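Q: Below: one structure in C-alpha cells.
The values are calculated or read from the model by the stated rules, or taken from the named source; none is laboratory data. In this text, all values refer to a predicted model and were calculated from it rather than measured experimentally. Ideal geometry is used to build each Cβ from the backbone, glycine not excepted, and the neighbour counts take in all protein chains shown. In case anyone asks, the SASA skips ligands and DNA or RNA and just uses the protein heavy atoms, side chains included. Shrake-Rupley method; radii C 1.70, N 1.55, O 1.52, S 1.80 Å.
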Amino acid sequence: MNFITEAVVKAAKSLYQADLTPAEVNLQETRKEFEGQVTLVTFSLTKFSRKSPEQTGNDIGEFLKKEMKDIAGFNVIKGFLNISLSDSYWLDVFYSQVLADDFGAFKPNGKKVMVEYSSPNTNKPLHLGHVRNNLLGYSVATILQAAGYEVIKANLVNDRGIHICKSMLAWQKFGDGETPESSGIKGDHLVGKYYVLFDKEYKKQIDELKVLGQSEEEAKKNAPLIKEAQEMLLKWEAGDKEVIGLWKTMNSWVYAGFSETYKRLGVDFDQFYYESNTYLLGKDIIDEGLEKGVFFKKPDGSVWIDLTADGLDEKLVLRADGTSVYITQDLGTAQLKYDDFHMDESIYVVGNEQDYHFKVLFLILEKLGKSWAKGLYHLSYGMVDLPSGKMKSREGTVVDADDLIDEMEQTAKKRTEELGKVEGFSETEKLQLYHIIGMGALKYFLLKVDPKKRLLFDPNESVDFQGHTGPFIQYTHARIRSVLTKMSLSPLTGGPARLFPEERDLILLLSQFPETIDIAAKEHNPAAVANYVYEIAKAFNKFYHEHSILQAEDEATKQFRLLLSAASGKVIKKGMGLLGIEVPERM
Ligand code: ARG
C-alpha cells in the first residue's frame with residue numbers, strides 16, 4: 001500500500017505544509033465492521049493539521065479522493081479514515097498480482113537456516129509430544145523455504161546412554177531372541193516394550209530392597225538391574241564388541257520403525273546427527289571456556305559457569321569424573337552444526353520443559369564469543385494434552401504416534417462414510433482419502449495454535465467438516481476443484497463491470513498470501529498460515545454461496561468467478577502445503 005502512504009505524504013504537504021516521513025503514516029487494514037479496506041490513523045497527524053482527528057480525516061479523505069483515481073470513497077470514524085479502493089484497483093491486483101505465475105513465490109534471500117526437529121531417543125517409539133514437534137519442525141522448515149531461505153532439516157538422534165542400555169539389558173535378559181520379524185512387532189515398539197519391562201523389573205527390585213530396610217534413594221542406586229545397565233554403558237563406551245553389536249541391532253530396529261512413522265507423518269530430514277558420534281565433542285569447548293575464563297573449575301575438578309549476573313544460577317558443564325552432561329554435548333553439537341553448514345540461523349524445535357537449558361546454552365556460546373550465537377533460536381512449544389488427561393512417558397500410558405495416526409484414519413473413515421463423501425471411489429482411493437483427511441485433521445488442529453501455547457487435542461472435533469478444521473478446508477478445496485472441472489475456463493475476456501463485496505474481500509485476502517508467508521517465517525509460526533488459509537476457505541464459501549458462477553450476469557463475470565475460484569484453490573493448496581497438509585482433488 002505504498003501508493004497510499006505516498007499520497008498521504010502529499011496530502012499533508014499540500015493541506016498543512018507538513019513534511020511527513022513515510023514512517024509517520026500509520027496505515028492498517030480496515031476493521032470488518034466498517035466500510036473500506038485501508039484505514040489511516042489520524043490522531044498523530046493532528047499536530048500538523050491543528051484540527052480534530054475527525055476533521056483531519058475528512059481533509060485528507062477529500063484530498064485523496066480528488067487526486068487518486070483508485071480511491072473510490074471514504075468515511076471517518078473518530079481518528080480513523082477508512083478508505084475504499086475502487087473495483088478497478090482490486091481487479092488490477094487480482095489480474096496482475098494474484099494470477100501471476102510467481103504469486104506467493106519468493107526469490108532466494110541468500111540466507112541459510114537449520115531447523116533441528118524430532119530428535120528422538122532410540123529406546124521407545126514416538127509419542128504425541130513428538131507428533132507436535134515433528135509437525136511444527138517440518139512446517140517451519142517448509143515456510144522458511146517458501147520465504148526464500150536455504151533450509152537444512154536436521155535430526156539429532158539420542159542413540160546412546162543409559163536409556164538405550166536399559167532396553168538392551170531387558171531384551172538380553174528376558175527377550176529370548178525376540179525380533180521384529182519373529183514377533184511381528186514394529187521395531188521401535190519392540191524396543192520400547194523392553195524399556196517398559198526394564199522399568200517394571202527395576203521397580204520390583206527397588207521394592208524388595210526397601211522391604212530389607214533401604215531407603216528409596218539407596219534402593220534405586222543398589223538395585224542389581226541398574227548396576228548392570230551402568231556396566232553395560234561403560235562397556236559400550238569401551239567399545240565392547242558384544243554390546244556394540246546388540247546396540248547396532250536394536251537401534252536398526254528402532255530406525256526402521258521411526259522411518260515408517262516419519263513417512264506416515266509426511267516429514268523428512270536432510271541431515272542426521274547421532275549422539276554416539278557427538279557425545280565427546282563438547283570437551284574441546286570446555287577447555288576453550290576454561291582458557292578464556294568463561295568457565296571455572298571447582299576443587300573436585302568439576303567445571304562450572306557462573307550465570308548469576310545474568311539472573312540465572314551456577315551451571316555444571318562437566319562432571320568431576322570428566323564425563324559430559326547434556327549441555328556439554330549440545331555445546332559440541334552446536335559447533336559441529338555450524339562447522340558443517342555455516343548457517344545464518346539455527347532453530348531448535350524442542351518442548352518448553354527445556355527452556356532453561358537453551359537459555360543457558362545460547363548464553364554460554366555468546367560468552368565464548370561465537371559469532372554465530374546470535375543466530376540461535378529455541379522454538380519452544382507447549383505440551384499436548386488429550387481429553388483424558390496429561391500424557392505421561394515411561395508409565396506406558398503415553399499416546400503412541402502410530403496408534404494416534406491409526407485412530408485419525410479410522411475417525412476420518414467413519415465421518416466420511418457418514419457424510420457419503422466417497423461415492424465412486426475405488427478402495428485404494430478411499431484409503432488414500434482417509435489418510436489425507438485424518439492427517440489433515442491432526443496436523444491442522446496442532447498447527448493452528450500458537451506453538452507456545454499448551455493445547456488440548458480432541459480427535460473428534462478435529463475431523464469436523466464444518467468447524468475451524470483441516471477437513472473443512474480440505475473439503476473447500478475439493479469443492480473448488482469440482483466447480484472447475486464442471487465448467488471450463490476460456491481465454492481471458494476481461495474482468496466484470498463491478499465487484500460484489502464477497503468478491504472484493506476474497507481478492508483482498510488472496511493478495512495477502514505473500515505477506516502471510518513472510519510473517520509466519522519471521523515469527524516461526526505456522527499458526528499464521530493456518531489461520532490465513534481458514535479465512536480464505538471461509539471467504540470462498542461465502543462468495544460461492546452468494547454468487548452463482550454458472551448463472552453469472554455475463555460471460556466476463558463468469559470467467560472472472562472461475563478464475564477467482566481457481567486462485568482460491570491454489571492458495572489453499574499452497575498454504576496447506578506449508579503446513580505439510582495435502583488437499584484432495586475430490587471428495
Ligand atoms: N533427545 C532429546 C530429548 O528427547 C531432545 C534433544 C533436543 N535437541 C538438542 N539439541 N538438545 O529430550
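Q: For helix 53-67, what angle does its Cα long axis make with the longest principal axis of the chain, in degrees from 0 to 90 and rounded to 10?
A: 70
Q: Quick one: with all protein chains in place, what share of the accessible area of the stretch 84-162 is carbon or sulfur, to the nearest percent (1.4 Å probe)? All intermediate terms of the calculation are to be shown ahead of the outcome.
A: Working: 1180 of 2500 Å².
That share works out to 47 percent.
Q: Can I ask one more? Could you tell me the ratio Rg/Rh of the chain? Both radii from Cα atoms, Rh via Kirkwood. The partial results should precede the final answer.
A: Numbers: Rg = 29.6 Å, Rh = 27.9 Å.
When Rh is taken as the Kirkwood radius, the ratio is 1.06.
Q: What residues of the stretch 544-580 lie in the reach of a label at residue 490, counting those whose backbone N is under 20 Å from a point 7 Å from the Cα along Cα→Cβ?
A: In the stretch 544-580, the label zone of residue 490 (backbone N under 20 Å from the point 7 Å along Cα→Cβ) covers 548-567.
Q: Here's another thing I want to ask about it. State in Å² the accessible area per residue of the stretch 410-508; use a 1.4 Å probe, count heavy atoms of protein chains only, and round to the nearest integer. Can you show the working numbers first?
A: Details: 4770 Å² over 99 residues.
Result: 48 Å² per residue.
Q: For q values of 0.17, 0.18, 0.21 Å⁻¹, compute log₁₀ I(q)/I(0) with the Debye formula on a Cα-only model of the stretch 422-548, without solvent.
A: At q = 0.17, 0.18, 0.21 Å⁻¹ the computed log10 ratios are -1.05, -1.13, -1.30.
Q: Now for a different question. Measure off, as a whole percent, the carbon and sulfur share of the 1.4 Å-probe accessible area of the stretch 443-498, all protein chains present. Mind dumping the intermediate values first?
A: Details: 1410 of 2710 Å².
C and S fraction of accessible area: 52 percent.
Q: Rounded to the nearest whole Å², what accessible area per residue is found for the stretch 252-373 with the 1.4 Å probe?
A: Details: 5690 Å² over 122 residues.
Spelled out: the 1.4 Å probe surface of the stretch 252-373, per residue, equals 47 Å².
Q: So what's Rg/Rh here for the stretch 276-413, counting alpha carbon atoms and using the Kirkwood radius for Rh? Could you put the intermediate results ahead of the total?
A: Numbers: Rg = 18.9 Å, Rh = 17.4 Å.
Here the Rg-to-Rh quotient is 1.09.
Q: Next question. Stokes-Einstein D for the stretch 1-86 at 4 °C, 1.567 mPa s, Kirkwood Rh over Cα pairs, in µm²/s?
A: Numbers: Rh = 12.4 Å.
So the translational diffusion coefficient is about 105 µm²/s.
Q: Now a separate question. Along the Cα→Cβ direction, 7 angstrom out, place labels at residue 512 and residue 292. What is the inter-label distance in nm?
A: 4.4
Q: Sticking with this structure for a sec: Roughly speaking, to the nearest percent, how much of the stretch 288-344's 1.4 Å accessible area is carbon and sulfur? Walk me through the numbers on the way to the answer.
A: Numbers: 1410 of 2850 Å².
Within the stretch 288-344, the accessible surface is 49 percent carbon and sulfur.
Q: Sticking with this structure for a sec: Nearest 0.05, what FRET efficiency do residue 88 and residue 237 give at R0 = 60 Å with Cβ-Cβ as r?
A: Numbers: r = 74 Å, r/R0 = 1.23.
After rounding, the FRET efficiency stands at 0.25.
Q: Suppose all protein chains stay in the model; what accessible area per residue would a 1.4 Å probe give for the stretch 1-131, in Å²? Numbers along the way, then the final one.
A: Numbers: 6670 Å² over 131 residues.
Result: 51 Å² per residue.
Q: Let me ask you something else. Can you pull a Stokes-Einstein diffusion coefficient for the stretch 271-343 at 25 °C (0.890 mPa s), Rh from Kirkwood over Cα pairs, as a whole number of µm²/s? Could the numbers behind the result be given before it?
A: Numbers: Rh = 12.9 Å.
Estimated diffusion coefficient is 190 µm²/s.
Q: Under 14 Å between alpha carbons, and skipping anything fewer than 8 positions from residue 248 in its own chain: which aspartates and glutamates qualify?
A: Residue 248 reaches 159, 188, 237, 240, 275.
Q: Which distance in nm do the two modelled labels at residue 208 and residue 78 give, with both placed 7 Å along the Cα-to-Cβ direction?
A: Each label point lies 7 Å from its Cα, and together they span 7.5 nm.
Q: With an 8 Å Cα cut-off and a minimum separation of 6 or more residues, compute the relative contact order for the stretch 489-587 in percent.
A: Details: 73 pairs, mean separation 38.7, N = 99.
Result for the stretch 489-587 is 39 percent.
Q: Would you tally the net charge around residue 146, using a Cβ to Cβ cut-off of less than 11 Å, leaving residue 146 out, and scoring K and R as +1, D and E as -1? Show your work: numbers first, answer last.
A: On the way: positive: 574; negative: 518.
Result for the local shell: 0.
Q: Going down the list 107/448; 124/359; 297/370, which pairs span over 24 Å between their C-alpha atoms?
A: Working: 107/448 27 Å; 124/359 28 Å; 297/370 22 Å.
Too far apart for the 24 Å limit: 107/448; 124/359.
Q: For the chain, what does the helix formula give at 222 nm: sum of -39500 (n - 2.57) over DSSP H segments with n ≥ 4, over the residue count, nearest 500 deg cm²/dmol? If you can, show how the numbers build up before the last one.
A: Values: 23 runs with 317 residues, N = 587.
Helix-only estimate at 222 nm: -17500 deg cm²/dmol.
Q: At residue 354 and residue 461, where each label point lies 7 Å from the Cα along Cα→Cβ, what is the point-to-point distance in nanometres?
A: Between residue 354 and residue 461, the label points sit 2.9 nm apart.
Q: Something else now. Against the longest principal axis of the chain, how steep is helix 555-578, in degrees 0 to 90 to the nearest 10, with axes from Cα atoms?
A: 20
Q: Using only Cα positions of the stretch 131-181, each an equal point scatterer, no hydration layer, compute I(q)/I(0) via Debye at q = 0.28 Å⁻¹ and quote the log10 values to two decimals.
A: Normalising to I(0) and taking log10 leaves -1.03.
Q: Please tell me which of these pairs span more than 21 angstrom C-alpha to C-alpha: 241/283; 538/570; 453/538?
A: 241/283; 453/538
Q: Below 8 Å, C-alpha to C-alpha, sequence gap of six or more: please give me the relative contact order for the chain in percent.
A: Values: 904 pairs, mean separation 80.4, N = 587.
In percent, rounded to a whole number, it is 14.
Q: Please give the length that would be gained between residue 272 and residue 304 if that part of the chain were fully extended, namely 0.36 nm times their separation in residues minus their C-alpha to C-alpha distance (nm, one decimal).
A: Details: separation 32, 0.36 × 32 = 11.52 nm, distance 2.97 nm.
Gain on extension, residue 272 to residue 304, equals 8.6 nm.
Q: Could you compute how much accessible surface residue 300 exposes when probed at 1.4 Å, giving the result in Å² to the nearest 10?
A: 100
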